[in-house]
Amino acid sequence: MAELQLQNVSKTYGTFEAVKDVSLAIEDGEFAVFVGPSGCGKSTLLRLIAGLDPVSAGTVAIGDKDMTARQAGERPVAMVFQSYALYPHMSVFENIAFPLQMERRSKADIREQVAKAAATVQLTTRLQDKPNKLSGGQRQRVAIARAIVRKPEIFLMDEPLSNLDAALRMEMRSELTQLHKRLGSTMVYVTHDQLEAMTMADRIVVLNAGKVEQVGKPMDLYHRPANLFVAGFIGSPPMNFLAAKVTGLEGGTVLLEVPGVGQVALPGDASGFTVGGDATIGIRPEAIATAAPTEPALSLSITPRTVERLGLHTIVYGEQGGRTLTALFNGDPVIAADAPLGVYVPLQQIHLFDAAGQARGHRD
Amino acid sequence: MALQSSTALARRPQSFTQNWSAYAFLTPALIILFLSLLLPAAATVVMSLTDISFLRPTNFVWFDNYIKLVSDSRFRQAVGNTAYYTVGVTLPTMALGLLAAVALNGKLRGRIVFRTIFYLPVLTSLIAAAVVWMYVYEPYSGPINGTLTQLGLPPQPWLQSPNLAMTSLIVMAIWRDFGTAMIIYLAGLQDIPKDIYEAARLDGAKTKDIFFRITVPMLSNVTFYLMIILIVQTFQVFGAIYVMTNGGPLGSTETIVFQMYQTAFGYTEFGYAAAMSTVLFLAILLFSIIGTKIMRRGES
């Protein structure tokens, strides 16, 4: 086990910059999740750590050793692929044994290590089967066992659950978290699914267009997103954004005119704003309530157009001032479609972003 | 109950009247197949049981032609020559085809040009290629012997020596066929997911391990397919031998099909030639069945 250090890492393909000057430290034993939309560079970054692609600039260090010039097989890492990447002509035993055979270990040692890894992922009874006889979840377990058997300092996982159905994904999410706790290894996990990131990560690295947007614990990213991108990406359903104009700055308060809402005064860092300039306010769907809170709140009227009842929650897509607002209510409240509905948003829960999209009034 | 009977109905083969249009469309192809393939094949088997020749009235001799084949030393030599040619062509063609495919499957500069160059011999007319190779093997003015002489080595009678003629034909056949093997292997290689190679690299596999532990086993179906088509093709070699050596010297390049041709059209022993043809057909059929079974087992 070891920490991972990325220093000014960049990767370019011709003129396309897939990863731009990323510097990052992942601590020993940490479960770090790289999350971002398709094409944001998260898998490329993982491949650079694995040594599958060379960096265009910067350094990759594991522990206190510079790994930048080392080939894939020479780095103390193991990777689990989205496609599982099992060797289809080999049995489960042979698949798990392959890395050990490459290390020229003795047959007795290989048998022992494979048995241990197979027991860890509950595959002891399937060792003689070929991968095509296994279910998706079992194949993924073989891939994990093949990674475990190498005893790597860092586990790299490239969207390992994407090919599984929803139920199995949930089960495997929990299994991977348990496995991380058991092994205590450093894990770097790539996903485009913010739910996976939120539920599994010790720390999340949000990537967008090859750059790190924010690094932090899941709840920090949720409560204190650094910018519009993170605010929109973390959380489901995503945050509502309302365009606003700055009408005044009074000490620690920013006065805003929000079309369709009216005057709003929010506490925030006034240095990022100019009077007459643009701003954006962000409201999480779950911050919207039908009952008036005791604290100061913004009052709105929305006209529900679609009501999705999920049992535990109800999601309402409503029209407000010519735009669509998403609201999430607990349980199954009585909400009539197409009839105006008065809702409230506590001011304390409204996020404020400047014209450049940077957060200027962190909420809790 | 209703569901059961409808399922049973769906599984039952449809009757001729329900499928008459499908049979109608198939009929022209079936007629051509029957006239051009099945009828001559059946006629060959019947002929092999006779002593049909232009020289005498035809009589049924039943299995006499087959009994004669067993004790015919010339036929045995042709079988040996054919086996030597088949093994000599098939194995190196596959090995070279695989190596070329692996080399040209990567990001090698000019790989498209190399692929085209290696495949060109396949597209060349056999007779034209044979004539060119006769010049290449020419004992006095050919480029091979010219090079040997310049290197101070003795020139060789490539097509004139019973020891060298068959090997010389094999070399030409490899040159001509390995492009086919390369293309088929290339298609097989492109079917192997990139992730598997990357996983192997991460597992610490070196180039040699990846080739022997991943590439070769994952191409086993392609290899069997290629082996079968090359065996079937080389079993029937005729054109190059007819043009370049005419079976000589001293019968050293006489293969089964060449001998069959000579027996039929040289000595007008059609019945005996038909027996040879039937034996060859059965051998090819046997190889095809074995190959198909192995491939199916691999797939499952």
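Brief remarks on what is shown
- Between segment A:227-255 and segment B:16-39, the alpha-carbon centres lie 74 Å apart.
- Counting charges near B:P121 (Lys, Arg +1; Asp, Glu -1) among other residues having Cβ under 13 Å from its Cβ returns a value of +1.
- Chain A: most fluctuating residue of A:G51, A:G136, A:G311 per GNM, C-alpha cutoff 10 Å: A:G311
- In order along segment B:116-127, phi translates into HN-Hα couplings of 5, 4, 5, 8, 3, x, 5, 7, 6, 4, 4, 5 Hz, rounded to whole numbers, per the Karplus curve 6.51 cos²θ - 1.76 cosθ + 1.60 with θ = phi - 60° and x for Gly and Pro.
- Residues A:A167 and B:A43, FRET efficiency given R0 of 56 Å [Cβ-Cβ distance, rounded to 0.05]: 0.30
- Cα-based Rg of chain A normalised by 2.2 N^0.38 Å, two decimals: 1.18
- Largest mean-square fluctuation among B:Q18, B:Q150, B:Q262, in a Gaussian network model of chain B whose springs join Cα atoms under 10 Å apart, belongs to B:Q18.
- Computed 3J(HN,Hα) for segment B:267-273, one whole-Hz value per residue from the Karplus formula 6.51 cos²θ - 1.76 cosθ + 1.60 where θ = phi - 60°, is 9, 6, 9, 5, x, 5, 5, glycine and proline marked x.
- Net charge of neighbours whose Cβ lies under 15 Å from the Cβ of A:D278, counting Lys and Arg as +1 and Asp and Glu as -1: 0
- Per-residue HN-Hα couplings for segment A:246-256 [Karplus 6.51, -1.76, 1.60; θ = phi - 60°; Hz; x = Gly/Pro]: 7, 10, x, 10, 10, x, x, 10, 10, 8, 10
- The heavy atoms of B:W62 present about 150 square angstrom of accessible area, all protein chains included, probe 1.4 Å.
- A simple count of charges around B:D195, restricted to other residues whose Cβ falls under 14 Å of its Cβ and scoring Lys, Arg +1 and Asp, Glu -1, yields -1.
- With coordinates expressed along the principal axes, the C-alpha atoms belonging to segment B:80-162 extend over 42, 35, 26 Å, beginning with the largest.
- Highest mobility in the GNM of chain A, judged by mean-square fluctuation with C-alpha springs under 10 Å and restricted to A:L298, A:L86, A:L168, is found for A:L168.
- Segments A:188-194, A:11-17, B:237-243, A:256-262 sorted - mean Cβ within 10 Å per residue, highest first: A:188-194, B:237-243, A:256-262, A:11-17
- Take every Cα pair under 8 Å whose residues are at least 6 apart in sequence, average their separation, divide by the length of chain B, and the relative contact order is 28 percent.
- Rolling a 1.4 Å probe across the protein heavy atoms gives segment B:75-176 an accessible surface of 56 Å² per residue.
- Segment B:18-149: radius of gyration and largest Cα-Cα distance (Dmax), Å: 24.3, 75
- On a per residue basis, chain A carries 42 Å² of accessible surface, using protein heavy atoms and a 1.4 Å probe.
- For the pair A:T294 and A:Q263, a Förster radius of 22 Å applied to the C-beta separation gives a FRET efficiency near 0.55, rounded to the nearest 0.05.
- Convex hull of Cα atoms in segment A:259-364, direction-averaged projection (nm²): 7.1
- Cα centre as origin, Lys/Arg/Asp/Glu Cβ charges: the protein assembly as shown dipole, Debye: 1820
- For chain B, dividing the convex hull volume of the Cα atoms by the residue count gives 246 Å³ per residue.
- Spatial separation of Cα centroids for segment A:110-140 and segment A:8-50, in angstrom: 31
- Simple point charges give the picture: +1 on the Cβ of Lys and Arg, -1 on the Cβ of Asp and Glu, and for segment A:240-361 a dipole about the Cα centre of about 120 debye.
- Part-to-part distance (alpha-carbon centres) for segment B:101-127 and segment B:250-300, which is given in Å: 31
- Lys, Arg +1 and Asp, Glu -1 on Cβ, resulting dipole of chain A about Cα centre, debye, nearest 20: 1360
- Rounded to 5, the percent of DSSP beta bridges in the protein assembly as shown classed as antiparallel: 80
- Antiparallel %, DSSP beta bridges [both residues in chain A], to 5: 80
- Each Cα pair under 8 Å and six or more residues apart adds its separation to the average, and for chain A the resulting relative contact order is 15 percent.
- Kirkwood Rh and Cα Rg combined as Rg/Rh, the protein assembly as shown: 1.16
- Too-long pairs where the Cα-Cα distance tops 19 Å, listed order kept, from A:K107/A:K151; A:K11/A:K211; A:K42/A:K211; A:K116/A:K151; A:K65/B:K194; A:K11/A:K42: A:K65/B:K194
- Taken across both chains, chains B and A shield about 1800 Å² of accessible surface from a 1.4 Å probe.
- Atom-type composition of the exposed protein surface of segment B:141-246 places 63 percent of the accessible area on carbon and sulfur (1.4 angstrom probe).
The values are calculated or read from the model by the stated rules, or taken from the named source; none is laboratory data. These numbers were taken from a predicted model, which means no experiment stands behind them. So basically every Cβ, Gly included, is an ideal-geometry build from the backbone, and we count neighbours across all protein chains shown. Each accessible area value is taken on the protein alone, full model and side chains, heavy atoms only, with ligands, DNA and RNA left out. Shrake-Rupley method; radii C 1.70, N 1.55, O 1.52, S 1.80 Å.
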